[in-house]
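Structure first, then comments.
Readers should treat all values here as calculations from the given coordinates under stated rules, not as data from a laboratory. Just so it is clear, the model here is predicted, and its values are computed rather than measured. Backbone-built Cβ (ideal geometry, glycine too); neighbour counts: all protein chains shown.
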Amino acid sequence: MTPRFSVLLPTRNGGAFIADCIHSVLSQDFADFELIVSDNANDDDTPRVLAGITDPRVKVIRQQRVLPVHENWNAALAAASGAYMLMLGDDDYLLPGALRRLDQVLSSSGDPDCALFNGFSYAAPNSVDTGTDSYWAPFHHRYDASFIPGVIERAKRTAIVRDMFRFRQRIPLNMQTVVLSMGVIGSMQGAVFRPPFPDHYLLNSLLITAGTWIYVPERLVVVGVSPKSFGRYFYRQQGGAGLAYLGIETRFPGALPGNELLNGMYQWLILLLENHSTALGGIKIDRSAYLIRQVRFWWLQLRHGAISRSEFLRRFGLLSARDGGLLAAAPFDAEVWRRLFSTIFRRKRTHAEALWSGLRPLSGIANCREFAGWIVRQDSGTGT
């Protein structure tokens, strides 16, 4: 019998966190699911943790060599048999009642192809900085006021994708906050997950091609950042090391050093143009928007000591004459210029504050499972 959900859990050396993540799935009050764990040739405590799990709903597949992130995700997907797929990282946590609520929403909406929802963000100690405090954000993503519960019309989906080409992200580009039907995934041409950031390309491709998307405002998951995740490298401004961890590269003509998430976005936008040129109607990547955001990131790196002044100046020398002209004539973007002004002239903020808007410090919470319990207590009115 086909399970309602396949929960995919690809993992690379997440032994310190994966037991909590698995617990969050197995303790759901909705039992019609399977959990697919793809052990990416882990050499930490992960194999021991997985060997101790006897629940028949858990299927573990072991990779014999370390795969790039997109290949490990595809391996987990290939082992799935459910009607719907959702994915967690080994440092994430599915909140109580999440699968039951997703089943209710999908059933009442006629089983759409894709459902978008929200979550909390949690950064464990020693993730975004070297301190002992953790951090959290009450919303993983701040949707704009145009998002209302229900069907996301195709015109709006097209507008969301077109804004991506201006480097404006209106939805979270994370697998943790979306559930996808296996039918729509099976209709895709080629590999489902593709480098450099496989969730980013997939979600935008499905915004273009899927039959029905819905939006659900509930927060159903904790999206975690731990000392072993890519987010840790990004928020410590160690993008090159983060790419090596994922086994990917961000290369394209005109790439500049700095923000590797931004470079990855540029690269998957090129891929979208190659595969969906007709649907995108001749849209082009806004190079000036890329340049403004990259220069802002350079300034952040300089201000927080990630690069030297000489390196900061050297990077301006990498700009072509055309780039210089585009930067000087960049169209006014109030939000980008506000952030750039804030970066240069306002008080010096921590890495976490500068790179992650709305992040709040949180003492006494050591991991994602404790944070989820804290959230549940707040919602029930028993927290402090």
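So for each of 119-125, 31-37 I average, over its residues, the number of other beta carbons within 10 Å; can you give me the resulting order with the highest mean first? Walk me through the intermediate numbers first.
Values: 119-125: 24.9, 31-37: 20.0.
So the order, starting with the most tightly packed, is 119-125, 31-37.
Packing, taken as the mean count of other beta carbons within 10 Å per residue, orders the peptides 261-268, 323-330, 42-49, 66-73 from highest to lowest as 261-268, 66-73, 42-49, 323-330.
Counted residue by residue at 0.36 nm each, then reduced by the alpha carbon distance between them, the extension gain from Thr2 to Ile148 reaches 49.4 nm. Connecting C-alpha atoms closer than 10 Å in a GNM of the chain, tell me which of Ser181, Ser226, Ser109 has the biggest fluctuation. Maximum among the listed residues: Ser109. Backbone geometry of the stretch 371-378 corresponds, through the Karplus equation with coefficients 6.51, -1.76 and 1.60 at θ = phi - 60°, to 3J(HN,Hα) couplings of 5, 4, x, 5, 5, 4, 5, 4 Hz, x marking Gly and Pro.
By the rule of a C-alpha distance below 15 Å, with chain neighbours fewer than 8 residues away ignored, the aspartates and glutamates paired with Lys156 are Asp144. Shown in residue order for the stretch 97-111 are the 3J(HN,Hα) couplings computed by the Karplus curve 6.51 cos²θ - 1.76 cosθ + 1.60 at θ = phi - 60°: x, 5, 5, 4, 5, 4, 4, 4, 5, 5, 5, 6, 9, x, 6 Hz (x for Gly and Pro). Residues whose amide H falls under 5 Å from that of Gly82, counting only those 5 or more places apart or on a different chain, are Ser6, with hydrogens built in the peptide plane. Each helix, a run of at least 4 DSSP H residues, gives -39500 (n - 2.57); summed and divided by the residues of the chain, these come to -12000 deg cm²/dmol at 222 nm.
Magnitude of the Cβ-charge dipole of the chain, K/R +1 and D/E -1, about the Cα centre, nearest 20 debye? Don't jump to the answer; show the numbers that get you there.
On the way: 41 positive and 34 negative charges, 312 e Å.
It works out to roughly 1500 debye.
Mind checking which aspartates and glutamates have their Cα closer than 18 Å to the Cα of Lys284? Skip sequence neighbours fewer than 8 apart in that chain. Excluding near neighbours in sequence, the set is Asp163, Glu274, Asp323, Asp333. Were the residues from Asp163 through Ala328 laid out at 0.36 nm apart, the gain over their Cα-Cα distance would be 57.3 nm. Helix 287-303 and the longest principal axis of the C-alpha atoms of the chain enclose an angle of approximately 90°.
Amide H contacts of Gly131: Asn126, each under 5 Å away and 5 or more positions distant or on a separate chain (H built 1.01 Å from N in the peptide plane; Pro and chain starts excluded).
Here's how it looks for Ala123: its modeled amide H is under 5 Å from those of Tyr135, Trp136, Val225, which are all 5 or more places away or on a different chain. In sequence order, the stretch 147-163 has phi-based couplings of 8, 10, x, x, 5, 9, 5, 4, 4, 5, 4, 4, 5, 4, 5, 4, 5 Hz under the Karplus curve 6.51 cos²θ - 1.76 cosθ + 1.60, θ = phi - 60°, and Gly or Pro positions carry x. Rounded to the nearest 10 degrees, the angle from helix 334-345 to the longest Cα principal axis of the chain is 70 degrees. Judged by the mean number of other Cβ atoms found within 10 Å, the most tightly packed of the peptides 83-94, 286-297 leads the ranking 83-94, 286-297.
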